[in-house]
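Visitor: Shown below is the structure under consideration.
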Amino acid sequence: MAKIIYEGKKIDVEDNSQITEACEKLGVPFLCYTGICKSCVINILKGEENLNEITEIEKEHDLEKSMRLACQCRIKSGSVIIDF
């Protein structure tokens with residue numbers, strides 16, 4: 001079981017699953033869920049290696065190195081600490 005952590009709050013998610021629902025519960029704003037609006041930009045503080053590779057949609061937005069779109073992320077396993 002993987003974990004998404006924000007300000008000490010932890011939400012368990014299945015390995016190899018989208019992190020969208022967990023991020024919503026932690027307060028990350030979502031508008032489109034498809035990577036168009038960039039409302040769900042998160043900063044990966046720790047555990048970036050536990051996420052899938054950056055998607056083509058994320059590359060189009062030219063995000064900073066530690067930034068990801070939560071709607072595009074899958075967690076492979078382990079823990080990921082986020083901020084937004």
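The values are calculated or read from the model by the stated rules, or taken from the named source; none is laboratory data. Bear in mind the structure is a predicted one, so any value in this text is a computation, not a measurement. FYI the Cβ positions are ideal-geometry reconstructions off the backbone, even for glycines, and counts take in every protein chain you see. Calculation scope for accessible area: heavy atoms of the full protein, side chains included, ligands and nucleic acids excluded. Shrake-Rupley method; radii C 1.70, N 1.55, O 1.52, S 1.80 Å.
Visitor: For the chain, evaluate the Debye formula with one uniform point scatterer on each Cα (no solvent term) and list log10 I(q)/I(0) at q = 0.11 Å⁻¹, rounded to two decimals.
Guide: -0.23
Visitor: Let me ask something else about it. Which FRET efficiency value, to the nearest 0.05, do you get for Glu56 and Ile11 by plugging their Cβ-Cβ distance into 1/(1 + (r/R0)^6) with R0 = 25 Å? The partial results should precede the final answer.
Guide: Values: r = 27 Å, r/R0 = 1.08.
Once rounded, the FRET efficiency stands at 0.40.
Visitor: Strictly under 4.7 angstrom between C-beta atoms: which cysteines of the chain have no such partner?
Guide: So, Cys23, Cys40, Cys71, Cys73.
Visitor: Loop-only check: which GluC sites (Glu not before Pro) in the chain are DSSP coil with at most 15 other Cβ within 10 angstrom?
Guide: On the way: sites: Glu7, Glu14, Glu21, Glu24, Glu48, Glu49, Glu53, Glu56, Glu58, Glu60, Glu64; in loops: Glu7, Glu14, Glu53, Glu64.
Passing both the DSSP loop test and the Cβ count: Glu7, Glu14, Glu53, Glu64.
Visitor: Please report the carbon-and-sulfur percent of the accessible area for the chain; probe 1.4 Å, protein heavy atoms only, DNA, RNA and ligands left out.
Guide: Values: 2440 of 4930 Å².
Carbon and sulfur atoms account for 49 percent of the accessible area of the chain.
Visitor: Oh, and also: Filter the trypsin sites (Lys or Arg not before Pro) in the stretch 29-66 down to the DSSP loop ones having no more than 13 other Cβ atoms within 10 Å, then list what survives.
Guide: Working: sites: Lys38, Lys46, Lys59, Lys65; in loops: Lys38, Lys65.
Of the trypsin sites (Lys or Arg not before Pro), the ones in loops of the stretch 29-66 whose Cβ has at most 13 other Cβ atoms within 10 Å are Lys65.
Visitor: Accessible area per residue of the chain at 1.4 Å probe, in Å²? Present the calculation step by step, with values, prior to reporting the outcome.
Guide: On the way: 4930 Å² over 84 residues.
That works out to 59 Å² per residue.
Visitor: Given a cut-off of 21 Å, name the pairs among Lys3/Lys25; Lys9/Lys46; Lys3/Lys59; Lys3/Lys38; Lys38/Lys65 whose C-alpha atoms lie farther apart than that in the structure shown. Walk me through the numbers on the way to the answer.
Guide: Details: Lys3/Lys25 13 Å; Lys9/Lys46 14 Å; Lys3/Lys59 25 Å; Lys3/Lys38 23 Å; Lys38/Lys65 15 Å.
Result: Lys3/Lys59; Lys3/Lys38 exceed 21 Å.
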